[in-house]
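First up is the structure itself, then whatever we jot down about it.
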Amino acid sequence: MGATLRALRALVLLFGFYLLSLVLLGALAGLDIAVFTWAHGALAVKIVIVSVLLAVPVVRGMLMLRTPRGEEPAGVAVAEADEPRLWALVRELAAATGTRAPDRILLTADVNAAVSERSRLLGLLPGRRRLYLGVPLLTGLTEAQLRAVLAHEYGHFTGGDTRLAALVVRGRAQIGRVIGQFRAKADGKVTAERARQEEASARRVAKGKKAKTVDTGGAGATYRTMASIYTAYGKLYLRASLSTARAQEYAADLSAARIAGRDATASALREIPVLAASHDFYLDSYATLGLPARLLPPRGEFFGGFGRLLSARAGELVELRAELPAEPSSPYDSHPPIAERVRRIEALPADGRAEEAQSSASALLTDARRTLAALEDAVLTDEVLAFRRTGAWEELLDASMTEGLSSARTPLHRALADFTGQPPTLTALLEVIDDGRLWVLAERLPLSEQAAAAKGRAFREFVRPRLGELLRTMVLAEFSARSLLHWEFSWSRPATVRLPGWASQNTPDDGPEAALEAAVAAALADHPDTAPLRALLPPAAQPA
């Protein structure tokens, strides 16, 4: 489908919104006329008032003439003087694609690249262009793969996609605005009706009567009906516009293969979902590790550690590249499945460009550390930036785990305090175990219906795994409070707890960690033995 037909489809979809709105306004007006023709009095006035209230959101949506401008993502704007090599590549690829280069480059913290154009007159006139380039892409892609990504984005320029986006975005925003207004009105009606019924129930209770059940099922029903009508058209609008969007993605992929090469384009498509999953894991497990303790990694390392994670887990990434998503992330995803896009590119004839530009794309940056530090300032909130910086990742891990363990209040802590009426210490728990009351205590833990219904050995088997996790946490908290452990940091595997100075004749050959696991298992056995666990405790922690 050419740009002209895509523009015509976008206009038809947009006009469909106005046609639907006019039909609904006509129906409301017809209802008012019929009411005054056949009825009079308070009922007629009430119906007219309701129809006017229903018409207001429709008219507001129709009069939203300006295409909404989305907020620009947080990032670092780089001028040509700041990053000459990056800008040179951007201009080179724009010339090769036969399109105008962007006027602005913004480096972001997302695993994504995108282009936008602030066109005028609903996309009929061109406007300023922007390139949004995620620094994680520069970290994880080769220069050849980055060329493919940029050539793909420029394919949207040459196809007129960015200019036509104004029409599509406008329609989506107007439909969403009307739906939002109707839903807000319905929610307001439900809230008011709930408050009215609760007040009436309170008066009944005060008079010694039984309170009625609050039922708000009918409140706001008219507004919800109107919202459902626009929601149905919105789904049609999205599906119709997304079929065009997916065709645009295929066309942009072909443009990338022509400019950057078949192999670089296919490998970039394989790499981006891997980088996205890896980056989410990195942020959750590494970069944000210290936030609960108000700690940050060293300056520039919040995003800078991602490259070291990729290097350390290269073997795992090979497996991820082979497992391409074969389905879109949702029915309304504007991008076709990655697996299908890769299949189409790899089916193209070989072009002999497999060995081009294999160096890391991060080499295009003049000073990567400076860029990473500036990205932190642009993306993180002022509150987070005020957190204390640790000197190294090892310090961040130790301090974060120490803080987490010191404030740990697990369900076992709460159950033990309730059971004994005393502070929930490890020593108190060991005494409960020695007295043979552990499984009575376990009944106070939050349990599944199946576990709560079990008895005897079946109950113990249900509860034992969870109880083992909670006991291990309590033991580690005790050791941490006495500075008897530290954590071994690693980019290639989960952090490992180290218990220095506990090697003894009773410690297994594979280390004190195994001794801890064996001691916890012994304490939770059908015939419990707390001696191995007590042997690991320092003298000060032993009961008198």
Considering only the other residues whose Cβ falls under 11 Å of the Cβ of LEU93, what net charge follows from Lys and Arg at +1 and Asp and Glu at -1?
0
What would the Debye formula give as log10 I(q)/I(0) at q = 0.09, 0.11 Å⁻¹ for the alpha-carbon point model of segment 372-531, no solvent?
-0.41, -0.58
Qualifying aspartates and glutamates (Cα of each under 19 Å from Cα of LYS185; at least 8 residues distant if same chain):
GLU193, ASP215
Bin width 5 Å, origin at 0, all Cα-Cα pairs of segment 283-403: what percent of pairs per bin?
2, 9, 13, 14, 13, 15, 14, 10, 6, 3, 1, 0
Placing one identical point scatterer on every Cα of segment 330-464 and ignoring solvent, what is log10 I(q)/I(0) from the Debye formula at q = 0.09, 0.10 Å⁻¹?
-0.73, -0.79
Using a Förster radius of 56 Å, what is the FRET efficiency between THR381 and ILE33 based on their Cβ-Cβ separation? Nearest 0.05, please.
0.50
Could you work out the local net charge near VAL274, counting Lys and Arg as +1, Asp and Glu as -1, over the other residues with Cβ closer than 14 Å to its Cβ?
-2
Using R₀ = 51 Å, calculate the FRET efficiency as 1/(1 + (r/R₀)^6) where r is the Cβ-Cβ separation of ARG464 and VAL318; round to 0.05.
0.85
Where Lys and Arg each count +1 and Asp and Glu each count -1, what net charge lies around LEU396 among other residues with Cβ under 12 Å from its Cβ?
-2
On a straight-distance basis, which lysines could pair with LYS189 in a cross-link, Cα separation under 18 angstrom, same-chain partners fewer than 8 positions away excluded?
LYS46
Computed over segment 362-521, the relative contact order (Cα-Cα under 8 Å, seq sep at least six) in percent reads 20
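The numbers here are math on the coordinates, done by the rules we state, and not lab data. Since we're looking at a predicted model, the values are computed, not measured. Virtual Cβ from ideal backbone geometry, glycine too; neighbours counted across all protein chains shown.
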